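A short reminder: the numbers here are calculations on the coordinates, not readings from a lab. Everything numeric here is computed off the predicted structure, so don't read it as measured data. Counting neighbours? That spans all protein chains shown, and the Cβs are built from the backbone with ideal geometry, glycine included.
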Amino acid sequence: MSATNTDMETRLDALHARMKKSSLAGHWQERKRRPDLVPWRWKWETIYDCLIESGEVMPIGHAGERNARRTVQLINPSLVDVKATSKTLQMSVQLVKPGEVAEAHRHTAAALRFIVASTGAYTTVEGEQMIMEPGDLVLTPNWNWHDHANNTDDNVIWLDVLDVHLTGHLDGMFGEQFPEGAAQPITKPDGYSRKRFGAMRPDTSDIADVALLPYVYKWAEAEATLHEMAEAGEASDYDGVILEYTNPITGGPTMPTIGCWVQMLRPGESTRAHSHTGSTIYHAVGGAGVTTVGRGSEATELTWGEHDCFFVPSLGWHEHRNTSKTEPAYLFSVTDRPVLQALHLHREERA
Ligand code: GTQ
Ligand code: FE2
């Protein structure tokens with residue numbers, strides 16, 4: 001090595017040390033990589049066992065306390081330290097036992113509930129009591145007051161999805177407890193949101209932000225529509241028969257930060273592989289199948305049955321297969337795609 005090169009190396013080392021002291025760095029210097037998320041599958045049996053056990057050993061606390069909600073959180077193995085399902089979203093499973101109340105609060109993180117087991121428990125959102133039936137999707141957009149009560153004789157269990165990790169990365173997280181008691185007063189009639197914001201609706205100019213509406217999507221309607229679409233042959237090669245849960249006024253995504261979809265894979269159906277930006281967390285509402293993530297020697301097979309949950313990372317090639325020759329399979333999914341779309345970052349590639 002020439003004297004000049006040695007001289008440069010010595011000076012470069014000194015420069016690095018000098019920059020480090022002043023909180024500066026060269027573009028050429030290495031940095032720690034953000035973790036790559038792995039495809040993953042959580043068996044319902046295991047989630048359920050842990051959730052029921054948590055019901056025995058962890059009481060629900062008051063609003064503002066760490067145990068104000070009793071949930072078991074789904075964790076991506078690459079995000080163990082930050083306890084996250086993806087870099088943007090958190091999926092958890094919540095249990096409210098008979099007679100319990102999860103007290104009222106609101107926060108900047110947007111939330112949704114997808115009901116797994118309920119015999120008439122309800123969640124109250126912005127003064128409207130929303131009865132939860134299995135397969136229903138209830139939205140709690142950011143800054144909506146919400147509390148949950150179970151006045152039935154059976155456990156109520158649902159999936160929570162929140163954009164807490166995105167909101168956290170953006171340093172936009174804050175919240176507050178309801179000032180006047182554990183549960184907010186019920187100020188609206190049953191079914192209010194669907195009448196006020198649905199296809200036949202009064203003037204909406206008084207609504208502060210139409211992208212943040214409390215809303216309920218009923219499973220019975222989703223299921224019937226999926227079957228009618230299947231009969232009409234309205235299906236995608238990449239997703240099977242698929243519906244988006246749209247905002248009833250804007251027609252845009254479910255919420256600004258979380259998009260929700262439900263798809264039916266017909267008996268024996270295999271979809272074609274595609275890859276797109278946006279990571280997706282799936283929940284099998286019913287049926288059984290296999291989702292292949294990645295291609296060739298890198299491929300991972302995620303085998304799922306009723307109520308299992310699984311994760312497909314952004315840009316991961318994926319294809320679904322319904323392994324039953326006689327029964328349909330239903331997948332509910334949530335994605336951060338609306339964020340990528342809003343930022344003009346969304347891309348898709350098809351096999
Ligand atoms: O039910 O309000 O899973 O505030 C995490 C935070 C659920 C809720 C979660 C929450 C809730
Ligand atoms: Fe909450």
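Summary of computed values
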read-out	value
Percent of Cα pairs exceeding the 26 Å cut-off, where the set is the chain	54 percent
Projected label distance in nm at residue 34 and residue 195, using a 7 Å step from Cα toward the beta-carbon	4.5 nm
Expected 222 nm ellipticity per residue - DSSP helices of 4 or more, -39500 (n - 2.57), all of the chain, to 500	-5500 deg cm²/dmol
Efficiency of FRET between residue 45 and residue 19 - r from beta-carbon atoms, R0 51 angstrom, step 0.05	0.45
Whole-Å distance, taken between Cα centres, linking region 47-73 and region 202-250	31 Å
Semi-axis lengths, Å, region 160-254, gyration tensor of Cα atoms, sqrt of 5 times eigenvalues	30, 21, 14
Helix axis angle, 44-57 relative to the chain longest principal axis, alpha carbon, degrees	80 degrees
Ordering of 215-224, 176-185 by packing [mean C-beta count within 10 Å, highest first]	215-224, 176-185
Cα-centre dipole for region 185-295 with unit charges at Cβ (Lys and Arg positive, Asp and Glu negative), debye to 20	240 debye
Dipole magnitude of the chain about its Cα centre (Cβ charges: Lys, Arg +1; Asp, Glu -1), debye to nearest 20	1180 debye
Equivalent ellipsoid semi-axes, region 6-71, via Cα gyration tensor eigenvalues times 5, rooted, Å	52, 19, 8
30 Å Cα cut-off, lysine pairs counted over the chain (separation 8 or more, or different chains)	17
Kirkwood Rh and Cα Rg combined as Rg over Rh, evaluated for region 1-134	1.27
For region 199-337, convex hull of alpha carbons as volume per residue, Å³	112 Å³
